[in-house]
Amino acid sequence: MKKKLIVFGSGDIAQLAHYYFSTDSDYEVVAFTVDAAYLTEKTFCGLPVIAFEEIDMRYAPATNDLFVALSYSEINAIRKKKYLAAKALGYQLASFVSSRATVLNDGHIGENCFILEDNTIQPFVTIGNNVTLWSGNHIGHHSIIKDHCFISSHVVVSGGVEIGEQCFVGVNATLRDHIKVGEKCVVGAGSLLLTDAEPEGVYMGTATERSKVPSRKLKKI
């Protein structure tokens, strides 16, 4: 018999969580929950949506686990807040680890993690609680990703890197080996970090500018 799961959220990430848990895990999603102030629909994905303020009375923590399916808003602070609120109610926080990910770190993965397809997690990596690894990342050996981080797609984290709590790393960013990224850092898409990053730092890659040559003048395309 599958374990029962409640998903916090009713947006795109919650819909994705429903899909992934339903097709590639031992869980059965039985309901969604949101704060009462955001309860606008009674159903989502064909399942009931319950106010979070009464979720423990309707779906007891003793028989249901919970997953917080939120994004990196406010540098992951909102997801962290709901993660802690769910734990305070006594829920076990479920993690999703795709069967299509390569996971070689002996299961050193915390609660409420969302690890999608094509991630490569090398030996001796430690991943904390409430961490999202979107698809296609490389997490190098002996690296540490602390709690409440969000790593976007196709990020390269080289060996021995330490990423502090509540960091966001954008798509196609590259972190060289043995550097430390301070807490609440934002590393933008396409960035290259070669040295330690100070806490609350913002590191942005250079955007590609439009060429002065219009496309109609290109001969080989």
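Between the exposed loop cleavage positions of the chain, defined as trypsin sites (Lys or Arg not before Pro) in a non-H, G, I, E, B DSSP state with at most 13 neighbouring beta-carbon atoms within 10 angstrom, the longest gap is 101-209.
Decide, for segment 119-187, between rounded, prolate and oblate: order the square roots of the alpha carbon gyration tensor eigenvalues as a ≥ b ≥ c, take rounded if a/c falls under 1.5, and otherwise choose prolate if a/b is larger than b/c, else oblate. Here segment 119-187 falls in the rounded category.
Is the shape of segment 1-103 rounded, prolate or oblate, going by the alpha carbon gyration tensor and its root eigenvalues a ≥ b ≥ c, with a/c under 1.5 for rounded and a/b larger than b/c for prolate? In terms of gyration-tensor shape, rounded. For the listed residue pairs Lys3/Lys146; Lys4/Lys87; Lys82/Lys146; Lys2/Lys184; Lys42/Lys146; Lys42/Lys82, the alpha carbons are over 25 angstrom apart in Lys3/Lys146; Lys2/Lys184; Lys42/Lys146.
Taking every DSSP bridge with both residues inside the chain, close to 5 percent are antiparallel. Taking every C-alpha pair closer than 8 Å and separated by at least 6 residues, the mean separation divided by the residue count of the chain gives a relative contact order of 11 percent. Just add up the charged neighbours of Cys167: K/R +1, D/E -1, any other residue whose Cβ is under 15 Å from the Cβ of Cys167. Net charge in that neighbourhood comes out at -3. For Leu193, the accessible surface of its heavy atoms amounts to roughly 10 Å² (probe 1.4 Å, protein chains only, rounded to the nearest 10). Going by a ≥ b ≥ c, the root eigenvalues of the Cα gyration tensor, does segment 1-41 fall in the rounded group (a/c under 1.5), the prolate group (a/b larger than b/c) or the oblate group? Here segment 1-41 falls in the oblate category. Taking the helices alone, the chain has a mean residue ellipticity at 222 nm of -3500 deg cm²/dmol, built from -39,500 (n - 2.57) per DSSP H run of at least 4 residues and averaged over all its residues.
Computed with a 1.4 Å probe over protein heavy atoms only, the accessible area of Met57 comes to about 150 Å².
Comparing Ala51, Ala197, Ala88 in a Gaussian network model of the chain (Cα springs below 10 Å), the most mobile by mean-square fluctuation is Ala88.
Against the main long axis of the alpha-carbon atoms of the chain, helix 77-88 sits at an angle near 30°. Among the GluC sites (Glu not before Pro) found in segment 18-110, those both in a DSSP coil and sparsely packed, with 16 or fewer other Cβ atoms within 10 Å of their Cβ, are Glu41, Glu74.
Within the shell of other residues whose beta carbon sits under 13 angstrom from the beta carbon of Thr23, the net charge comes to -2, with Lys and Arg scored +1 and Asp and Glu -1.
The values are calculated or read from the model by the stated rules, or taken from the named source; none is laboratory data. Since the structure is predicted, the reported quantities are computational estimates derived from the model, not experimental observations. Ideal geometry is used to build each Cβ from the backbone, glycine not excepted, and the neighbour counts take in all protein chains shown. Only protein heavy atoms, including side chains, enter the accessible area calculation; ligands, DNA and RNA are left aside. Shrake-Rupley method; radii C 1.70, N 1.55, O 1.52, S 1.80 Å.
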